[in-house]
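These notes concern the structure reproduced below.
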Amino acid sequence: MRQFRRAALRGISMSVALAVSLAALTVRVGAQDAYPSKPIRLVVTTAAGGALDLVARTTAERLSESLGQPLIIENLPAGNGSIAAGQIAKANPDGYTIMMSVDSTLTVNPHLYKNLPYDPFKDFAPVSIVTQLPLVLVTGAASKATNVRELIALAKANPGKLNYASTGIGTQLHIGMELFKLVTKTDIVHVPYRGTTGAMADLLGGRIEMVLIGQSSAKAQAEAGKVRILGIASPKRSPLMPNVPTMAEAGVPGYEVSSWFAMLAPAKTPKAIVARLSAEIKKAAQHPKFIAALTSQGMEILATTPEQMQEAMKTTSKKWGDVITATGTTINQ
């Protein structure tokens, strides 16, 4: 009889424990199903007005509509995105603080900065690469070089005398040109600027020989005859400027440089929330307004899965890590 009672008590205890576990699981699932129930903070790692900011605001507009909650954008530009990324790495992983970042923050910074406040592969949950933007090689209209081959010949004839602009050390505009120097065996001096405006002004003024930059930043100036777009660092020509050859066609085979723009959440954000955000981005990518806003700037819409983004991070990080090692690029140059 006593054994029966003990068995019965154990059965009751197990039933209660199971009921409690199921209740807790139901609460967690229910909370995720109800996501989002309040506004979402979207931190952008660059200043307002740039390409990443455009992607962030275009994405936020569509997601605010589909999620039923506003996405409040906060721009935190500093250290090639490292300040913002450091904050997101420590944020509460509840899906209410997320980040929109350019790829160099995740794939270049770790190879340049010794004491980053984040680890791109441990501190974040990839959500989706929203778009990518192939870069174009541009010279001033007064340049002696009218095509890529002539530019390479000019650089080789004048080692250390030509210069190129970038929007800062560690950006794709910088590391992409270091790759150009590496594959063409040229010596061209890097001149970093705080933004695109200053770089383009000095290119127009003849104080800078060349720049690797987004298509939309160069298109209007090229159409006005103020700059020459020599090639696009993409496997295929751009619908935005179909007459511009790829860099392979222009004489530099295998040279590809693009910036991609992606959404991430803090590590340990529930997988259901990450999946929901990724699915909403995929849905947004089909919207006519979303497509028109971004493709008009020369961007290719990707809307990847979290797994595809994770793989892209690994591949891109290795590519730029190898370039940085081979060129001896440092943050203090």
Query raised in the report: Got at least one residue in the stretch 94-113 being among the acidic types (Asp, Glu) and within 19 Å of Arg276 (Cβ to Cβ)?
Result: yes
How many residues of the stretch 216-237 are part of a strand (DSSP E or B) and crowded, with 23+ Cβ neighbours inside 10 Å? The answer is 4
Meets criteria (over 18 Å from Ala51 (Cβ atoms) and touching a residue at least 12 places away in the same chain (Cβ under 8 Å)) for Ile188
yes
Checked the stretch 258-291 for anything modelled with pLDDT of 95 or more and under 20 Å from Ala51 (Cβ atoms); matches are Trp260, Phe261, Ala262, Met263, Leu264, Ile281, Ala284, Ala285, His287, Lys289, Phe290, Ile291
Exception for Ala48 within (1) part of a loop (DSSP other than H, G, I, E, B); (2) touching a residue at least 12 places away in the same chain (Cβ under 8 Å); (3) on the phi > 0 side of the Ramachandran plot falls at (3)
With criteria (1) closer than 30 Å to Ile331 by Cβ; (2) at pLDDT 95 or above; (3) surrounded by fewer than 19 Cβ atoms within 10 Å (Cβ to Cβ), Gly49 comes up short on (2)
Across the stretch 96-136, the tally of residues that are under 23 Å from Ser166 (Cα atoms), aromatic (Phe, Trp, Tyr) and under 16 Å from the mean Cα position of the chain (by Cα) stands at 0
Picked from the stretch 154-171 (must be surrounded by 15 or more Cβ atoms within 10 Å (Cβ to Cβ) and free of Cβ contacts under 8 Å to residues at least 40 places away in the same chain), the residue nearest to Ser258 (Cα to Cα) is Thr167
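The values are calculated or read from the model by the stated rules, or taken from the named source; none is laboratory data. Since this is a predicted model, take the numbers as computed values, not measurements. Cβ sites come from the backbone with ideal geometry, for glycine too, and all protein chains shown count toward neighbours.
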